[in-house]
Amino acid sequence: TQTQSAPEPRPPLASLINLRDFELAFAKFAPPKSHAYISSASDDLLTLEANAAHWRRLWFRPRVLRDVSAVSTRSRLLGVDVSMPVWIAPMGLGRTGGPEAEAALGAGAAAAGIVHCLSTPASLSVEETLASAPGHPWFFQLYVNRDRAKTEAALARLARHHRDQVKALFVTADLPVLSKREADDRLRVTTAEQLTILPLPGATTGGTAATKEGRGGLARTTGSFIDPSLTWECLAWLRRCTDLPLVVKGVQTAADARAALAAGCAGIVVSNHGGRALDGAPASVLVLLELRRDCPEVLERMDVLVDGGVRRGADVLRAVCLGARGVGVGRPFQCAIGYGREGVARCADILREELETAMRLCGVTDLDSAWGDMSYLNTSEL
Ligand code: FNR
C-alpha cells in the first residue's frame, strides 16, 4: 500500500546546466522506485555526504598571469586516449535511468570521447551495450559470482567477442555483501516496474529477477549472487581467466593499495561505492591523501582512479592535482539516461566545459603538468 506521487513532466534537456540538475530533474520525472534505487546510499548516508563535502573542503591555490588562451583536457586512462580524465562509473540496472539503459551510456560516452565501465548487473547484455558504439573502448566491471564457473564463462565470452573493445576489468571489492539502503528497501517495486526495470533474459547479470516479499530493495534482489569469500589470492585465478588489465575497485587504505600493486594490478579505484557500501567509510579525498602520505609509489606505478561525489569540473581538477589519473562519475549519468544518449553526452560535455574553465582560472593549461601537483591545492580545511 505505498503511495507514489505522479511524476512531473521532464524539463527540457537544454535547461539542465550542471550535473546536480540532472539528479534534481530525475527526482521529479522518474518513477519513485527508480529514483530510490539510484539516489540511495547505506544506513545514515554519512559516507555519501562526506564524499561530496570533502571535495569542497579542498581549496585551490590559483596561479595567475599565465597564458591560458589554449588549454587541453585530453588525457590517457588505462592506455585509452580520452577527451578528459573522466569515466562513467559502473552502475547496475541501467533501465532504472530510462529505456535506452546502458546503450545510452555507451553511445553518449562515445560521443563525448570518454569511457563507460559496464556493470555486471546491467539491464542489457554486453553485446547489446557494445553495439551502441561499435569500435569504441569500454571497461567492464566484475562482481565475482558465488558460482565461479559463471564468472569464468562470462570472462570467456568477453574475451571471445569483445577483446578489441573491452580494455580493462574492474573487480569490485568493497561490496562483499549487500549493504542496507533504506530508501530502496522501503519502496516495494510494482509488478509493472519489475517488468520494465529488471534485466531481461540474456542480460549478463547473475542476479535473480524476483523480488522477495517484504524486501523491496532492487540492489538486494540483483546483488545476491556476489561472492563474499573473495580474497587477494583469487586475483591469481582471475588472471588465469582473462588477459585484460585488472583494476581493483573499492580500495580505501594504503595497505590495500600496496596489496593491489603487489598483485600486479594495472590500477585501483579509490572508492566507497558512492556511499553505498560501508557507511562510515572515509570520503574518497581522505583516502587519496592517505595514499600520497603512506604509499606515494602506488600513485607513480599504477593508474590510481577515484570516484564518489564528483559533480563539478573543478572536482576533476582537484582529483588530478591529488594524483588521480581518472575520475569516475556515477549517479548524474544514470539520471541522464532519462534523456537518452543526448542527455549522457550533454552531461559529459558540461563537465568538460567546467573542467576547462577551472583549469584556465587556476592557471593550468594541460593536465599532465598538474598531475600530482599539490601546489595548486590548499588542504588546511581537511
Ligand atoms: C553503483 N555502483 C556500482 N559499483 C560497481 O562496482 N558495480 C555496480 O554494479 C554498481 N552499481 C551502482 C548502481 C548505482 C545506481 C549507483 C549510484 C552506484 C557504484 C559506482 O560505480 C560508483 O562507485 C559511485 O556511484 C560513485 O559515486 P557517485 O558519483 O554516484 O557519487
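Which of the residues spanning segment 131-188 are closer than 26 Å to Asp303 by Cα, within 14 Å of the ligand (Cβ to nearest atom), touching a residue at least 60 places away in the same chain (Cβ under 8 Å) and open to solvent by 50 Å² or more (accessible area, probe 1.4 Å)?
Answer for segment 131-188, where residues must be closer than 26 Å to Asp303 by Cα, within 14 Å of the ligand (Cβ to nearest atom), touching a residue at least 60 places away in the same chain (Cβ under 8 Å) and open to solvent by 50 Å² or more (accessible area, probe 1.4 Å): just Ala173.
Taking the condition part of a strand (DSSP E or B) and in contact (Cβ under 8 Å) with a residue 60 or more places away in the chain, does Trp55 pass?
no
So, Gly264, is that one in contact with a Pro (Cβ under 8 Å, 6 or more places away or on another chain) and more than 28 Å from Ala133 (Cα to Cα) or not?
Working: in contact with a Pro (Cβ under 8 Å, 6 or more places away or on another chain): no; more than 28 Å from Ala133 (Cα to Cα): yes.
Spelling it out, it is not the case that Gly264 is in contact with a Pro (Cβ under 8 Å, 6 or more places away or on another chain) and more than 28 Å from Ala133 (Cα to Cα).
Does segment 77-101 hold any residues that are more than 9 Å from the ligand (Cβ to nearest atom) and in a loop (DSSP other than H, G, I, E, B), and which are they?
Leu78, Gly79, Ser83, Met84, Pro85, Gly98, Pro99, Glu100
Sort out which residues of segment 70-90 are within 16 Å of the chain's Cα centre (by Cα) and on the phi > 0 side of the Ramachandran plot, and write them in order of number.
Once the filter is applied, which keeps residues that are within 16 Å of the chain's Cα centre (by Cα) and on the phi > 0 side of the Ramachandran plot, segment 70-90 yields only Leu78.
Taking the condition open to solvent by 10 Å² or more (accessible area, probe 1.4 Å), within 16 Å of the ligand (Cβ to nearest atom), assigned to a helix (DSSP H, G or I) and modelled with pLDDT of 95 or more, does Gly338 pass?
In short, yes.
Could you list, in sequence order, the residues of segment 218-251 that are of a type in the set (Phe, Trp, Tyr) and either open to solvent by 40 Å² or more (accessible area, probe 1.4 Å) or not in a loop (DSSP other than H, G, I, E, B) (or both)?
Passing the criteria: Trp232, Trp237.
Restricting attention to segment 110-129, which residues are in a helix (DSSP H, G or I) and within 14 Å of the ligand (Cβ to nearest atom)?
Residues satisfying the conditions are Val126, Thr129.
Output the residues belonging to segment 359-374 that are open to solvent by 60 Å² or more (accessible area, probe 1.4 Å) and either part of a loop (DSSP other than H, G, I, E, B) or among the small types (Gly, Ala, Ser) (or both).
Step one: filter segment 359-374 for residues open to solvent by 60 Å² or more (accessible area, probe 1.4 Å), giving 360-361, 368-369.
Within segment 359-374, just Ser369 meets the criteria.
Whether any residue in segment 55-66 is of a type outside the set (A, V, I, L, M), closer than 30 Å to Met374 by Cβ and within 12 Å of the ligand (Cβ to nearest atom) is what I want to check.
yes
Can Phe29 be described as away from the ligand (no atom under 16 Å from the Cβ) and under 15 Å from Gln334 (Cα atoms)?
Answer is yes for this residue.
The values are calculated or read from the model by the stated rules, or taken from the named source; none is laboratory data. As the structure is a computational prediction, the values presented were derived from the model and not from experiment. Neighbour counts run over all protein chains shown; Cβ positions are idealised from the backbone, glycine included. The protein model used for the area step is the full one, side chains on, heavy atoms only, and it has no ligands, DNA or RNA in it. Shrake-Rupley method; radii C 1.70, N 1.55, O 1.52, S 1.80 Å.
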